[in-house]
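The values are calculated or read from the model by the stated rules, or taken from the named source; none is laboratory data. What you see is a predicted model, and the numbers here were worked out from it, not measured in a lab. FYI the Cβ positions are ideal-geometry reconstructions off the backbone, even for glycines, and counts take in every protein chain you see. These area figures cover heavy atoms from the full protein model, side chains too; ligands, DNA and RNA do not enter into them. Shrake-Rupley method; radii C 1.70, N 1.55, O 1.52, S 1.80 Å.
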Amino acid sequence: MEKRALLYSGKAKDVYATDDPNLCIVHFRDSATAFNALKKSEIAGKGELNNLISAHFFDLLASHGVETHFVGSLGPREMLVRRLEIIKVEVVVRNITAGSLAKRLGLPEGLPVTPPVLEYYYKDDTLGDPLVNDSHILSFGWASAAELSTIAAAARQVNDILLPALRKLDLLLVDFKLEFGRHAGRVMLGDEISPDTCRFWDAQTREKLDKDRFRRDLGGVAEAYQEIYRRLKGGTPNV
Ligand code: TMP
């Protein structure tokens, strides 16, 4: 597989074309941003950890029949993926109150959300990714009704797979964000699944083991990401 032109550079990842028009290479950088990139830093080793953690979750989901863009790992910081036409909707699933949900509804963090809440955000950095609902998505044509029902079912299925798998590792899956895209006429899961895009709490201590450590200046960011890797893979990567 030959790496070709840089197609897109995001806040933490770069996407390259390959010699196959159906495939791209995603390169995970160490960059960390929060609050729509108002806060920026580099966290040594984060790119590698997020790449390896995402690959682990994509493999797990594929083994349960979830269609994802992941084709395979290419190295410590890169994965080969199917080229998607991104759907401009971010999907958030919440099992425990935290973050913007707690803030918006005036709730303390840590309350169970039963059944889990599904939220949609319009993916537009200039607008700060505003919260939207199904009817906005359909009325503005960001996804068709059939695509939206596939996305909603897939997001719930991902939660049904990851929640118990993480609970066995003594981790609470508080919430997470997914992105979907179109490939060869099908909707599939894209982007990444990592401590950048999920909230993970230790089940015993409720210690935060995700990007909230960076967002809130709690320190120990790289150590938290390493701890997630260690619980998933039983060791440390050769960073
Ligand atoms: P929120 O509580 O800030 O809305 O975040 C919900 C989930 O989405 C949380 O697991 C973090 C993730 N997330 C992203 O992946 N990207 C983002 O830009 C934001 C704001 C949240």
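Here are the numbers:
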{"read-out": "Looking only at segment 175-223, and only at residues there that are touching a Lys or Arg at 6+ places or on another chain (Cβ under 9 Å) and polar (S, T, N, Q), the one that is farthest from residue 236 (Cα to Cα)", "value": "197"}
{"read-out": "Residue match in segment 70-82 (condition: within 16 Å of the ligand (Cβ to nearest atom), out of contact with any Gly (no Cβ under 6 Å at 6 or more places or on another chain), at pLDDT 95 or above and open to solvent by less than 70 Å² (accessible area, probe 1.4 Å))", "value": "no"}
{"read-out": "Only listed residue being open to solvent by 60 Å² or more (accessible area, probe 1.4 Å) and either within 12 Å of the ligand (Cβ to nearest atom) or of a type in the set (Ser, Thr, Tyr) (or both), chosen from 97, 114, 33", "value": "114"}
{"read-out": "Flag for residue 88 being away from the ligand (no atom under 11 Å from the Cβ), at pLDDT 95 or above and of a type outside the set (S, T, N, Q)", "value": "yes"}
{"read-out": "Residues (closer than 18 Å to residue 143 by Cβ and open to solvent by 30 Å² or more (accessible area, probe 1.4 Å)) located in segment 56-69", "value": "67"}
{"read-out": "Residues being within 26 Å of residue 62 (Cα to Cα) and under 16 Å from the mean Cα position of the chain (by Cα) - total across segment 82-117", "value": "11"}
{"read-out": "Matching residues in segment 222-236 - criterion: being over 23 Å from residue 93 (Cα atoms) and either modelled with pLDDT of 95 or more or within 11 Å of the ligand (Cβ to nearest atom) (or both)", "value": "222, 223, 226, 230, 233"}
{"read-out": "Residue 138 vs. criteria within 16 Å of the ligand (Cβ to nearest atom), open to solvent by 60 Å² or more (accessible area, probe 1.4 Å) and over 20 Å from the mean Cα position of the chain (by Cα)", "value": "no"}
{"read-out": "Filter result for residue 130 (more than 12 Å from the ligand (Cβ to nearest atom), open to solvent by 20 Å² or more (accessible area, probe 1.4 Å) and over 17 Å from the mean Cα position of the chain (by Cα))", "value": "no"}
{"read-out": "Check on residue 145, modelled with pLDDT of 95 or more, open to solvent by 40 Å² or more (accessible area, probe 1.4 Å) and more than 19 Å from the chain's Cα centre (by Cα)", "value": "yes"}
{"read-out": "Odd one out for residue 135 among (1) farther than 24 Å from residue 230 by Cα; (2) in contact with a Gly (Cβ under 7 Å, 6 or more places away or on another chain)", "value": "(2)"}
{"read-out": "Number of positions in segment 167-206 that are away from the ligand (no atom under 16 Å from the Cβ) and either hydroxyl-bearing (Ser, Thr, Tyr) or not in a strand (DSSP E or B) (or both)", "value": "9"}
{"read-out": "Odd one out for residue 160, checked against (1) more than 16 Å from the ligand (Cβ to nearest atom); (2) crowded, with 20+ Cβ neighbours inside 10 Å", "value": "(2)"}
{"read-out": "The listed residue being closer than 20 Å to residue 209 by Cα and modelled with pLDDT of 95 or more, out of 20, 14, 30, 59", "value": "30"}
{"read-out": "Failed item in (1) under 17 Å from residue 187 (Cβ atoms); (2) free of Cβ contacts under 8 Å to residues at least 24 places away in the same chain, with residue 108 passing the rest", "value": "(1)"}
